[in-house]
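Novice: Can you read through this structure? Questions will come right after.
The values are calculated or read from the model by the stated rules, or taken from the named source; none is laboratory data. Everything quoted here is computed from the prediction, not taken from an experiment. Every residue, glycine among them, receives a Cβ derived from its backbone with ideal geometry; neighbour counts consider all protein chains shown. Please note that ligands, DNA and RNA were not included when accessible areas were found on the heavy atoms of the full protein model with its side chains. Shrake-Rupley method; radii C 1.70, N 1.55, O 1.52, S 1.80 Å.
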Amino acid sequence: AELLFAAFYTAMHSPRRASVCTPFPTDLFWRPDPAFGEGAREKDYERACACMIGMPGVSEIIGGALQEADESTVLLAGWI
């Protein structure tokens, strides 16, 4: 699990994150994308990165730290 978190964190900071993070679901972190019309969405990498910074360590998650986390952190941890 530590390796998955580290790999995802590194991918989120890559200059090629749009292609490296292709499987990252838009439903978790998104913002409107006016370039593609009303209702279009794009991945919000900045918000996902901010969530990763506040993410507890894997050992803390196993110990129950996600019970006190916000909804975005819980969803991201579940996806990873």
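Novice: So if each residue of separation counts as 0.36 nm, and I subtract the Cα-Cα distance between Glu46 and Cys21, what length gain in nm does that give?
Specialist: Values: separation 25, 0.36 × 25 = 9.00 nm, distance 1.29 nm.
Extending this stretch completely gives an extra 7.7 nm.
Novice: Tell me, what is the per residue accessible area of the chain in Å², probe radius 1.4 Å? Don't skip to the end; give the middle numbers.
Specialist: Working: 5270 Å² over 80 residues.
Counting only protein heavy atoms, the per-residue value for the chain is 66 Å².
Novice: With springs only between Cα atoms under 10 Å, which of Ala48, Ala40, Ala69 fluctuates most in a Gaussian network model of the chain?
Specialist: It is Ala40.
Novice: Positive end of the dipole of the chain, charges at C-beta (+1 Lys, Arg; -1 Asp, Glu), about the Cα centre: which of Ala7, Leu28, Ile80 has its Cα farthest in that direction?
Specialist: Ala7
Novice: For the stretch 1-55, which whole-number percentage of the solvent-accessible area (1.4 Å probe, protein heavy atoms only) is attributable to carbon and sulfur atoms? Mind showing how you got there, number by number?
Specialist: Details: 2230 of 3640 Å².
Reported share for carbon and sulfur atoms: 61 percent.
Novice: Counting only C-alpha contacts under 8 Å and six or more residues apart, can you give the relative contact order of the chain as a whole percent?
Specialist: Values: 56 pairs, mean separation 21.6, N = 80.
It comes to 27 percent, rounded to a whole number.
Novice: Return the distance in nm (one decimal) between the two label points of a simple spin-label model at His13 and Arg31, each offset 7 Å from Cα along Cα→Cβ.
Specialist: Distance between label points: 2.0 nm.
Novice: Please go through the stretch 32-80 and write out the GluC sites (Glu not before Pro) that DSSP classes as loop and that have at most 11 other C-beta atoms within 10 Å.
Specialist: Values: sites: Glu38, Glu42, Glu46, Glu60, Glu68, Glu71; in loops: Glu38.
Sparse-neighbourhood loop GluC sites (Glu not before Pro): Glu38.
Novice: Shifting gears a bit: Pull up all non-local amide H partners of Arg41: gap of 5 or more, or a different chain, and H-to-H distance under 5 Å with H placed in the peptide plane.
Specialist: Asp33
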